[in-house]
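Working notes, structure below.
Laboratory data are not the source of any read-out in this text; all were calculated from the coordinates shown. Predicted, not measured: the structure shown is a model, and the values here were computed from it. Every residue, glycine as well, gets a Cβ built from its backbone with ideal geometry; the counts of neighbours run over all protein chains shown.
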Amino acid sequence: MSKVPSPCRNACALDSAQRVCRSCHRTIEEIVAWPRLDDDAKRAVWARLERNAQEQAANGSMR
């Protein structure tokens, strides 16, 4: 079993235009693939989410 927690917040709200969840900010592809990803790939998703959050905070905008 994976030791990397899911970013899911159980508050799904898909933005079909941008193809991301407005709650966890994962792409639809990442959400679908999550159960099959190995821990390194899951950590890579988390790293991207954290980078995006930092960039948005620096720009003064949050999704």
Next item on the list: Look at the stretch 3-52 and say how many of its residues are out of contact with any Asp or Glu (no Cβ under 6 Å at 6 or more places or on another chain) and not in a helix (DSSP H, G or I).
Entry: 25
Checklist line | Qualifying position, being on the phi > 0 side of the Ramachandran plot and either without any contact (Cβ under 8 Å) to a residue 24 or more places away in the chain or surrounded by 14 or more Cβ atoms within 10 Å (Cβ to Cβ) (or both), among ARG9, ARG19 | finding: ARG19
Next item on the list: Give ALA58, ALA53 a once-over and let me know the one that is surrounded by 13 or more Cβ atoms within 10 Å (Cβ to Cβ) and over 9 Å from the mean Cα position of the chain (by Cα).
Entry: ALA53
